[in-house]
Amino acid sequence: MSYMSLKPLAMEIPYLLLTTDASNMGWEAVCGNNSTGGLWSLEEQRNHINYLELKETRQNQMFLVTGGL
């Protein structure tokens, strides 16, 4: 499948933009004027970066749902 054949799931304008990033040391999220972040524990730092990115995304989604950010 070529990149040009990909289509968005929805054409709606998002009303909320959550930007996230993770590294082997820690993570960060920004939503509007609010931000949060932290450092991984030594045990967590041993995980693959893909796992850390997914974990961080899940944490931020839960934080947003519970009224954070």
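All of the numbers you see were taken from the coordinates with simple rules; none came from a lab. Fair warning: this is a prediction, and the values are worked out from it, not measured in the lab.
Largest GNM mean-square fluctuation across 12, 28, 53, computed for the chain with C-alpha springs under 10 Å, falls on 12. Candidate values [x] 0.95; [y] 1.07; [z] 1.24 were compared with Rg/Rh (Cα atoms, Kirkwood Rh) computed on the shown model; the agreeing label is [y]. Relative to the longest principal axis of the Cα atoms of the chain, helix 49-65 runs at roughly 80 degrees.
Full extension from residue 25 to residue 62: what is 0.36 nm times the residue separation minus their Cα-Cα distance, to one decimal in nm? Don't skip to the end; give the middle numbers.
On the way: separation 37, 0.36 × 37 = 13.32 nm, distance 2.09 nm.
So the chain would gain 11.2 nm between residue 25 and residue 62.
Among 54, 18, 42, the largest mean-square fluctuation in a Gaussian network model of the chain (Cα springs under 10 Å) belongs to 42.
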